[in-house]
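Here's the structure, in structure tokens; my notes come after.
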Amino acid sequence: MGDNMVKWGPVIVGFFLAIILGNLFGAYVNQYWGVNLGLFIAGFIVGYWVHEGFFGGIWNATVAGSFGAIVLAILLIVGGTIFGGLAGFAAGAVTGATVVIAALILNIVFMGVGGAIGGILAGND
């Protein structure tokens with residue numbers, strides 16, 4: 001079992017892969033399952049790349065997917081504040097927190113499982 005530290009190189013690449021593959025598969029396969037397939041493949045690549053087994057794969061792939069949710073939450077808060085002042089900030093914060101929680105659940109399911117499978121196949125270094 002690895003030390004469960006985040007390897008930022010694979011995480012950043014996985015973040016971009018999740019965006020690209022999610023949109024690509026979502027547009028050409030099926031909107032719902034295509035996006036999830038893209039997330040799974042991105043998670044698999046991250047998990048395989050980190051070579052830390054099951055737990056390292058699931059951890060790094062989930063962080064990669066959650067990174068996108070955190071960026072979106074920050075954009076919602078900033079946008080809400082710019083356009084709505086204090087009320088917009090409050091709405092953006094609540095919406096952002098909800099997006100992060102939902103994305104964490106989805107990323108654990110799709111990217112995390114892909115990362116775990118990739119980590120198992122790659123093994124430990």
Accessible surface of the chain [probe 1.4 Å, protein heavy atoms]: carbon and sulfur percent: 80
Helix-only mean residue ellipticity at 222 nm for the chain, each DSSP H run of n ≥ 4 adding -39500 (n - 2.57), per residue, nearest 500: -32500 deg cm²/dmol
Relative contact order, percent, the chain [alpha-carbon distance under 8 Å, six or more residues apart]: 35
Top of 30, 107, 60 by mean-square fluctuation, Gaussian network on the chain, Cα under 10 Å: 30
Surface accessible to a 1.4 Å probe, per residue, for the residues of segment 73-125, Å²: 57
Highest to lowest packing among 12-20, 98-106, scored as the average C-beta count within 10 Å: 12-20, 98-106
Dimensionless Rg/Rh of the chain - Kirkwood Rh, Rg from C-alpha atoms: 1.07
Virtual spin-label span in nm between residue 27 and residue 121, 7 Å along Cα→Cβ: 2.6
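The values are calculated or read from the model by the stated rules, or taken from the named source; none is laboratory data. Source: prediction; values computed, not measured. All Cβ positions, glycine included, derive from the backbone under ideal geometry; neighbour counts span all protein chains shown. Only protein heavy atoms, including side chains, enter the accessible area calculation; ligands, DNA and RNA are left aside. Shrake-Rupley method; radii C 1.70, N 1.55, O 1.52, S 1.80 Å.
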